[in-house]
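The values are calculated or read from the model by the stated rules, or taken from the named source; none is laboratory data. Only a predicted model underlies this, so the values are computations on that prediction, with no experimental measurement involved. Cβ sites come from the backbone with ideal geometry, for glycine too, and all protein chains shown count toward neighbours. To get the accessible areas, we keep the full protein, side chains included, count just its heavy atoms, and leave off ligands, DNA and RNA. Shrake-Rupley method; radii C 1.70, N 1.55, O 1.52, S 1.80 Å.
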Amino acid sequence: MSQYTCPPLTTVHQPIYEKGRWAANILIDQIEGRKRLAVHANLQAELVVRRSCGAQA
């Protein structure tokens, strides 16, 4: 939707599917009683530059 506003908005695209998969796996482990150490995942995000930041598209 951000590309259809005036001006088109610059946004950050996040890997929603991967975030959900990680969260579901952590939840399943907790339900099944498996202990996890601290969980930290680095997922790639992408800056989608549009005209709201002053850049030329």
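Structure summary
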| quantity | calculated |
| --- | --- |
| Angle in degrees between helix 16-31 and the longest Cα principal axis of the chain, rounded to the nearest 10 | 20 |
| THR11 - accessible surface, heavy atoms, 1.4 Å probe, Å² rounded to 10 | 40 |
| Sum of side-chain charges, ALA24 neighbourhood, beta-carbon under 13 Å (Lys, Arg +1; Asp, Glu -1) | -1 |
| Net charge of neighbours whose Cβ lies under 13 Å from the Cβ of TYR4, counting Lys and Arg as +1 and Asp and Glu as -1 | +2 |
| Debye-sum result for the chain in log10 I(q)/I(0), which assumes one identical scatterer on each alpha carbon, at q = 0.30 Å⁻¹ | -1.14 |
| Carbon/sulfur fraction of accessible area - the chain, other protein chains in place, 1.4 Å, % | 57 |
| Relative contact order for the chain, counting Cα pairs under 8 Å that sit 6 or more residues apart, in percent | 52 |
